[in-house]
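Only one structure is covered here, and it is reproduced in the block below.
A short reminder: the numbers here are calculations on the coordinates, not readings from a lab. Computed from a predicted model, the values in this text were never measured in an experiment. A quick note on method: Cβ atoms are made from the backbone with ideal geometry, for glycine too, and the neighbour counts reach across all protein chains shown.
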Amino acid sequence: MRTTARTSRRVMTFAVVAALATGLLAGCASDDDSGGGSDGGSSGGAGGGGKTTLTVGTFGTFGYKQAGLYDEYMKLHPDITIKENVTTRTDVYWPKTLTRLQAGSGTDDVQAIEIGNITEAVQTQADKFVDLGKEVDKSKWLDFKNDQATAKDGKLIALGTDIGPMAMCYRKDLFKKAGLPTGRDELAKLWKGDWNKYVDLGKQYMKKAPSGTKFVDSAASVYNAVVAGSTTQYYDKDGNVVWDKSKGVKDAWDAAMQVATTNMSAKLKQFDKPWDQGYANGTFATVACPPWMIGYIQEKAGTAGKGNWDVAPAPVAGNWGGSFLGVPKAGKHQKEAIALAKWLTDPAQQDKVFAKQASFPSRSDAYGDLKVSPATTAYFSNAPMTQIFTDAAKNIPTAYHGVKDQPILTAITDTGILQVEQKGKTPAQGWDAATKEVKDVLGQ
């Protein structure tokens, strides 16, 4: 599950107030806020007639319904009906979920938690969740994934679903026109171990760039990719805010500034419409891509991109995105909810979701049977994507996270970097703007 855009602390506070004002404590029978995320509160599959109705609260597209997992589970358990309550945006979903957790009522039986919110859940809501560490063999999950969902007392509040091991997606046709190597192995060697080498290649690309093209979609995406591979980002291991002293942040900012102050960026904000059009028009040659972005690129770039896109290992392994499934104690059917959460995160089910939408499992015992659809493989020049993402997953460092990770990240990318990239400010001015926004986020 990808990390979706979030708003600042002020907007999130407003969302909590709005949630209270609209009576969201009353329950979760009709949680869909978008008209497109779910089927208006109806069953996640065939539904109907079950003795026990289990609700699954999710955001965005988890792929369980799309891969037929709810229908499959209900056939295996005729006494169970599953209803998925989907909220499209996480910046709406999480404040609403927090309100219900704190109230001790209105939660779903199984509650999804996005990576940007897991630290807050662990630090402030651990007592509201069932300890799933007693229900599973934790060694089946990647260590860093378990670490993210483990409270100080050792309680595992949620099971990892997917992760976002990063690779580099690139247009080999544009590389060829720019006089650069096009083979994924050769490129991986050129930038291995250092994002600065990737930036240097971008400078070479721009010397002979095909007309109307840039090397990378945005400086912010480079920042995200670099910081995602760092152990220390915005908090230290003791939970102290260290974003302004963090080597990970400094390295990511420096790399982003090299991009923002040169001509190699298309200056597109990710997930906005112009970014989608950039794929369709072939206006940038590279983008850092976790597995969940593969399907997105294929959709937005369209038939013109088939066979032109390829995938290579990223300079440094990092994680972008990922989610968890927890079982709130306030749920009415804890035993059944635990069984469903375990089943949904089993390798067989995770493999099916990967095949459907390339959500990469956080269980290492699922990797042996992962297969990308033939159509997607052909689209990306027969790149060995499963192997590339698996190798990256095994080398993702355990990063220290804090409650305000996502708002701090957003302040840096959407305020600081954009000031430089789109408004012509100096890196120092961009950093100052980001600092003011971060202080606001932290209430300083």
Report summary line: With the dipole of the range 152-310 defined by +1 on each Lys or Arg Cβ and -1 on each Asp or Glu Cβ, the option from Pro181, Cys289, Ala220 whose Cα lies farthest towards the positive pole is Pro181
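What ranking, highest mean first, results for peptides 322-329, 292-299 when packing means the other Cβ atoms within 10 Å averaged over each residue? Walk me through the numbers on the way to the answer.
Numbers: 322-329: 25.6, 292-299: 19.6.
Result, highest mean Cβ count within 10 Å first: 322-329, 292-299.
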**Report entry** 18 Å reach of a label modelled at Lys335, 7 Å along Cα-to-Cβ, counting backbone N of the range 123-155
**Finding:** 130-132, 134-136
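Applying a 10 Å radius around every beta-carbon, put 419-425, 95-101 in order of their mean neighbour count, most first. Could the numbers behind the result be given before it?
On the way: 419-425: 17.3, 95-101: 22.9.
Sorting 419-425, 95-101 by mean packing, highest first, produces 95-101, 419-425.
Can you classify the chain as rounded, prolate or oblate using the Cα gyration tensor, where a ≥ b ≥ c are the square roots of its eigenvalues, rounded means a/c under 1.5, and otherwise it's prolate if a/b beats b/c and oblate if not?
Details: a/c = 1.83, a/b = 1.40, b/c = 1.31.
Prolate, since a/c reaches 1.5 and a/b exceeds b/c.
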Requested in this report: Under a 10 Å cutoff between Cα atoms, tell me which one of Val122, Val353, Val372 has the largest fluctuation in the Gaussian network model of the chain.
Outcome: Val372
Requested in this report: Please work out whether the range 304-444 counts as rounded, prolate or oblate from its C-alpha gyration tensor, where a ≥ b ≥ c are the square roots of the eigenvalues and a/c under 1.5 means rounded, while otherwise a/b larger than b/c means prolate and anything else oblate?
Outcome: oblate
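What is the magnitude of the charge dipole of the chain about its Cα centre, with +1 placed on the Cβ of each Lys and Arg, -1 on the Cβ of each Asp and Glu, and no other charges, expressed in debye to the nearest 20?
Values: 53 positive and 48 negative charges, 192 e Å.
The dipole magnitude comes to about 920 debye.
Can you give the local net charge around Pro181? Use residues other than it whose beta-carbon is closer than 14 angstrom to its beta-carbon, Lys and Arg +1, Asp and Glu -1. Kindly include the intermediate steps, with their values, before the conclusion.
Values: positive: Arg171, Lys172, Lys176, Lys177, Arg184, Lys189, Lys192, Lys197, Lys208; negative: Asp173, Asp185, Glu186, Asp200, Asp310.
For residues surrounding Pro181, the net value is +4.
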Query raised in the report: Evaluated at 37 °C with a viscosity of 0.692 mPa s, what Stokes-Einstein diffusion coefficient in µm²/s does the range 122-192 have when Rh comes from the Kirkwood expression over alpha-carbon pairs?
Result: 212 µm²/s
Requested in this report: Quick one: which residues, 5+ away or cross-chain, put their amide H under 5 Å from the amide H of Tyr235? H built at 1.01 Å from N.
Outcome: Val242
Query - Interchain or long-range residues, amide H under 5 Å from Phe59's placed H - result: Thr87
Query raised in the report: Simple spin-label model, 7 Å along Cα-to-Cβ: Thr303 to Asp153 in nm?
Result: 6.0 nm
Query raised in the report: Just going by the charge dipole of the chain, with Lys and Arg at +1 and Asp and Glu at -1 on Cβ, which of Ile408, Ala312, Gly63 is farthest out on the positive end?
Result: Ala312
**Report entry** Those residues of the range 58-78 whose amide nitrogen sits under 20 Å from the label point placed on Lys342, 7 Å along Cα→Cβ
**Finding:** 69-78
Requested in this report: Amide H neighbours of Leu54 under 5 Å, at least 5 residues apart or on other chains, H built in the peptide plane: list them.
Outcome: Thr81, Ile82, Lys83
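As a test, work out the antiparallel percent of DSSP beta bridges whose residues both lie in the range 46-163, rounded to the nearest 5. Present the calculation step by step, with values, prior to reporting the outcome.
On the way: 1 of 11 bridges.
The antiparallel proportion sits near 10 percent.
With an 8 Å Cα cut-off and a minimum separation of 6 or more residues, compute the relative contact order for the chain in percent.
Details: 897 pairs, mean separation 98.5, N = 444.
About 22 percent, as a whole number.
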Report task. Return the sequence-ordered ³J(HN,Hα) values of the range 227-241 in whole Hz as given by the Karplus equation 6.51 cos²θ - 1.76 cosθ + 1.60 applied to θ = phi - 60°, using x for Gly and Pro. Result -> 5, 5, x, 9, 6, 9, 10, 10, 9, 9, 5, 9, x, 7, 6
Query raised in the report: Do you know the relative contact order of the range 268-415, to the nearest whole percent, from alpha carbon pairs under 8 angstrom that are 6+ apart?
Result: 28 percent
Report summary line: In whole Hz, the Karplus estimates of ³J(HN,Hα) for the range 57-66 (6.51, -1.76, 1.60; θ = phi - 60°; x where Gly or Pro) are x, 9, 9, x, 10, 7, x, 5, 5, 4
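Taking the Kirkwood radius as the inverse of the mean 1/r across Cα pairs, report the Rg/Rh of the range 262-322. Kindly include the intermediate steps, with their values, before the conclusion.
Numbers: Rg = 11.9 Å, Rh = 12.6 Å.
Value, to two decimals: 0.94.
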Report summary line: Restricted to the chain, the DSSP antiparallel beta bridge percent, nearest 5, is 65 percent
Query raised in the report: If you count, for each residue, the other Cβ atoms within 10 Å and average over each peptide, how do 86-92, 194-200, 407-413 line up from highest to lowest?
Result: 407-413, 86-92, 194-200
**Report entry** Label zone at Lys439 (point 7 Å along Cα-to-Cβ), backbone N below 14 Å, the range 234-248
**Finding:** 244
